[in-house]
Each structure stands twice: as C-alpha cells, then as structure tokens.
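Participant: A single structure is presented below for examination.
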Amino acid sequence: EEQKGMSPDDGERAGCLSGVGATISAPSAERRVPSSLPPTFKRLMLVEPGADGLKAKIEVKEELMFGELRSDEVLVKMAAAPVNPSDFGAWASSSPDDDKKTFKPRAIGLEGSGVVVRVGSRWSSSLAGIRVGASVGVTGLRDGQGTYAEYVVAPLATTFAMPDDLPVEDAASFFVNPFTAVAILDTAQNAKAFVQTAGASQLGKMLVRLLVRLRLSGDASGDVKMISVVRTEAQAQSLRRLGADRVVVLVDPEKRDDPGLADLRGAVESLGATVAFDAVSGSLTGRLLASLPNESTVYVYGRLAGDVTGVNPVDLIYRKKIHQGLLPQDVAREGLRGRLRHLLHGEPRPPRHQQGPPRPRRRRMVPLRVPRLRPPRHVSHIHPPRHQRRLHR
C-alpha cells in the first residue's frame, strides 16, 4: 500500500524472481539521488521468529538517519531486495529454542541493490569504482543492518558497482544465487554430469543459462552435463526452452512407484553423473543417493523440505557414497588456493568431489643431535649415557 505511484512495469519487476523467491521493490520515482536526506527512514524488523519462517512476526520500524560515514563506507538508498530461502530460513532457524521474552528484534535482508547517495571518502570510493548516483549491489552489512530498509550503510569491501545500462532492481539477486551457481560448477568441474534439484528455481535457471553461455564461448568448464529435477511438466518445458541438457519430473520422492525415480536413474546412468546438489533435502536426498553409482557424492546446500530423511546406511558404508554439506564460501576459498598453486607451482587441481578432507601439513623431521659425553682424564671408565646403552632382555 505504501508503493503508490508504481507503474505496471514496476509491478512486474517487483515479482521478477519467479519460482523460489520474490523481490521487494521500491517505486521508480524514488530511485533518483535525493537532494537532501530525510531525518528518519524505515526498515523491516524481525520481532518474533515463527515455526517455519512464513509465520514470523515482522514489523516496520522507523529509525534515525545515519550520521557521519567512515572512509570505507557508502550510504545506499535501497531499490530492491530478494526474498529467498536463505532469507526466511534465517527467520525460523532459531525459533524452536529461542525464548520469546529474551528475543531481541533484528533487521533482516541479506542482499539487495540501490543507488549510492553519499560516500564516506571520495578517494576510497573512486578506487573501488563507486560514485554518487551509481547503481550498486550490497551485502555483508555491519552493525546488525538488513537490506529490507530504505537506507543502509554498506562497507566498500562488499559493495559492487553494477553496469549503467542494467536496471537497478534487476541487480537485487546479484550475490547469493550467482555465487552459489559458480560454486556448484567449480565443485563439479571434472565430473561428466551432475544432478541439480529445485531445477525451476532462479538458481536452477541460472545454472542452465550459465552452462549455455560457457559452451557458446568455448569454455571447457561448460562441458559438464546437468540433470535438472523439477516437480511439474510446465517447469520442465520452461527449462527445455532455456536449453537444459536433461530434465526429470519427480512429483513425489516419497512414493517408490513414482515414474520420475526410474527416469532419474536412467538419466544418471546414460550421462554418467557422479555428483548431485540438493537444495530440497527431506526424502529427496535419500533418493538421490540411491540413484547415483558407487563412490558418488551428494552435496546438500538447502532444506526446503525440512531435515534429511531416507538415507540408507548401506550406501554410505559399503558403496562408499558421500553425503555432506556445501557452503559456497568454502568452495571459493579452496578454489582460490588451487588457482594459486596452479599459477605458482603448476600443480593440477583435483575435482572438488575427489578432494576429501584437507590433508594435514607435513612437517620436516630434523634429527636430534645429542652431545657425546667424554669421561674426565682422571677417570678411566664411566657408564655411557642412557640413550647409547644397548637394551638387554
């Protein structure tokens, strides 16, 4: 109701993230740089966490405008922010154990886009390629801030300039989903094929477009094939129009007679998939693990269906299959180390699913030199040191 003056195009952009996720967008008339800042601004606050995130209590709070900025900060007038599972999952992650009497309201929102209206230091911001009036994407806010607000103070280290020809609201999901997509392809870089659940989500569509783009550019990282798992035929058709390699429709993974399970096993066998990335969890994780061949790996990076169930211990013990979590930040750090080793020493980088746990660093063994004791001149014989005696039974 507060978004008065929005055009029909603005309404379409406000819901531009179809599938899993949505976008909170501000009116276009407010996306220009204001001549003066208001004394207060509004932000969304999580007042009471809910059982599943959707039942959380969220209120609009009015805050005083930010004061003087530090040299490594910029003031951004927010234009749009996505609502993804990574967002509302955090609203409910602490709800079962939190005491409502001791719970403190907190700002929400992990990422978003907007326009820079003030910089803390022109020199520092110019080095980062950010100026007043530039469209930027922000994440990693300090001091308990959230992107569901009219204004935020963002550090330059996590503020990224966007192209001038890109609508500012289209950059709302610039960080979490693209970062995860690159992490998935980096993890499955040496596999013939991999399975991706929630294939009709924004991340799933992003992976399809990214693979198509890599293949058109001749990049070898686009040679891997992807099996997208969706729940409806309409979702499957939308992925096929984007250029998906293989789409499997799995309506209910809890039913053993679901025809999608047989299609999934056939796709895995024909394409040689040995890696799977699961954003759904629940019973689907166990089905994925059972459909993959021996010594395969299932990475879990979401829990849209709740806790993981249906994992057969035989797959883990005797068939040497691996079930573990995936955090994109860890993949980025490991990928950076691997690239540095490749550049400096020419060492080949093994695929992520074959790396296993980090190996302990080998220490150089230095022999211990013990000084040899000599008897005094006036003593004809003394017992040798204990470490030089022979051991007798």
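The values are calculated or read from the model by the stated rules, or taken from the named source; none is laboratory data. Everything numeric in this text was worked out from a predicted model, so none of it was measured. Neighbour counts run over all protein chains shown; Cβ positions are idealised from the backbone, glycine included. These area figures cover heavy atoms from the full protein model, side chains too; ligands, DNA and RNA do not enter into them. Shrake-Rupley method; radii C 1.70, N 1.55, O 1.52, S 1.80 Å.
Participant: Consider GLY129 carefully, then state whether it is open to solvent by 30 Å² or more (accessible area, probe 1.4 Å), modelled with pLDDT under 85 and outside any strand (DSSP E or B). Before the answer, list the steps.
Facilitator: On the way: open to solvent by 30 Å² or more (accessible area, probe 1.4 Å): yes; modelled with pLDDT under 85: yes; outside any strand (DSSP E or B): yes.
When the stated conditions are applied, GLY129 passes them.
Participant: VAL268 - would you say it is in a helix (DSSP H, G or I) and modelled with pLDDT of 95 or more? Reasoning before the result, please.
Facilitator: Details: in a helix (DSSP H, G or I): yes; modelled with pLDDT of 95 or more: yes.
So VAL268 fits the description; yes.
Participant: In addition: Which ones in region 310-319 are open to solvent by less than 70 Å² (accessible area, probe 1.4 Å) and assigned to a loop (DSSP other than H, G, I, E, B)?
Facilitator: Listed by number, the residues that qualify are GLY310, VAL311, ASN312.
Participant: Only one residue in ALA276, ALA236 is under 19 Å from SER201 (Cβ atoms), in a helix (DSSP H, G or I) and out of contact with any Lys or Arg (no Cβ under 7 Å at 6 or more places or on another chain). Which one?
Facilitator: Working: ALA276 fails: in a helix (DSSP H, G or I).
Matching residue, one of ALA276, ALA236: ALA236.
Participant: Say whether the condition of being out of contact with any Phe, Trp or Tyr (no Cβ under 6 Å at 6 or more places or on another chain), of a type in the set (Val, Ile, Thr), touching a residue at least 24 places away in the same chain (Cβ under 8 Å) and surrounded by fewer than 19 Cβ atoms within 10 Å (Cβ to Cβ) is met by at least one residue in region 205-218. Walk me through it before giving the result.
Facilitator: Taking region 205-218 first, the residues out of contact with any Phe, Trp or Tyr (no Cβ under 6 Å at 6 or more places or on another chain) are 205-218.
Restricting the remaining residues to those that are of a type in the set (Val, Ile, Thr) gives 208, 212.
Narrowing the set further to residues that are touching a residue at least 24 places away in the same chain (Cβ under 8 Å) leaves 208, 212.
Now narrow it down to the ones that are surrounded by fewer than 19 Cβ atoms within 10 Å (Cβ to Cβ): 212.
Within region 205-218 (the criterion being out of contact with any Phe, Trp or Tyr (no Cβ under 6 Å at 6 or more places or on another chain), of a type in the set (Val, Ile, Thr), touching a residue at least 24 places away in the same chain (Cβ under 8 Å) and surrounded by fewer than 19 Cβ atoms within 10 Å (Cβ to Cβ)), the answer is yes, since at least one residue qualifies.
Participant: Would you pick out the residues in region 218-242 that are of a type in the set (A, V, I, L, M), touching a strand residue (DSSP E or B) at 6+ places or on another chain (Cβ under 7 Å) and over 17 Å from ALA273 (Cβ atoms)?
Facilitator: Here is the first cut: in region 218-242, the residues of a type in the set (A, V, I, L, M) are 220, 224, 226-227, 229-230, 234, 236, 239, 242.
So of that shortlist, the ones also touching a strand residue (DSSP E or B) at 6+ places or on another chain (Cβ under 7 Å) come out as 224, 226-227, 229-230, 236, 239.
Residue satisfying the conditions is ALA236 alone.
Participant: Which of the strands (runs of 3 or more DSSP E) found entirely inside region 143-227 contain at least 2 residues meeting this: closer than 25 Å to PRO293 by Cβ? It would help to see each step written out before you state the result.
Facilitator: Working: elements: 151-155, 159-161, 193-196.
The strands (runs of 3 or more DSSP E) meeting that bar are 193-196.
Participant: Run down ALA183, ALA198, ALA188, ALA171 and say which single residue is on the phi > 0 side of the Ramachandran plot and under 17 Å from the mean Cα position of the chain (by Cα). Give the steps one after another, and end with the answer.
Facilitator: Numbers: ALA183 fails: on the phi > 0 side of the Ramachandran plot; ALA188 fails: on the phi > 0 side of the Ramachandran plot; ALA171 fails: on the phi > 0 side of the Ramachandran plot.
Matching residue, one of ALA183, ALA198, ALA188, ALA171: ALA198.
Participant: Could you list, in sequence order, the residues of region 277-290 that are among the hydroxyl-bearing types (Ser, Thr, Tyr) and surrounded by 23 or more Cβ atoms within 10 Å (Cβ to Cβ)? Write out each step before concluding.
Facilitator: Initially, region 277-290 is screened for residues among the hydroxyl-bearing types (Ser, Thr, Tyr), giving 281, 283, 285.
The one that is among the hydroxyl-bearing types (Ser, Thr, Tyr) and surrounded by 23 or more Cβ atoms within 10 Å (Cβ to Cβ): THR285.
Yes/no per residue for (1) open to solvent by 10 Å² or more (accessible area, probe 1.4 Å); (2) acidic (Asp, Glu); (3) under 13 Å from SER113 (Cα atoms):
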site	(1), (2), (3)
MET162	yes, no, yes
ASP170	yes, yes, yes
ILE184	no, no, no
ALA193	no, no, no
THR197	no, no, no
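Participant: Regarding LEU304, is this residue open to solvent by 70 Å² or more (accessible area, probe 1.4 Å) and within 23 Å of ALA183 (Cα to Cα)?
Facilitator: Numbers: open to solvent by 70 Å² or more (accessible area, probe 1.4 Å): yes; within 23 Å of ALA183 (Cα to Cα): yes.
Here the answer is yes, as LEU304 does meet what is asked.
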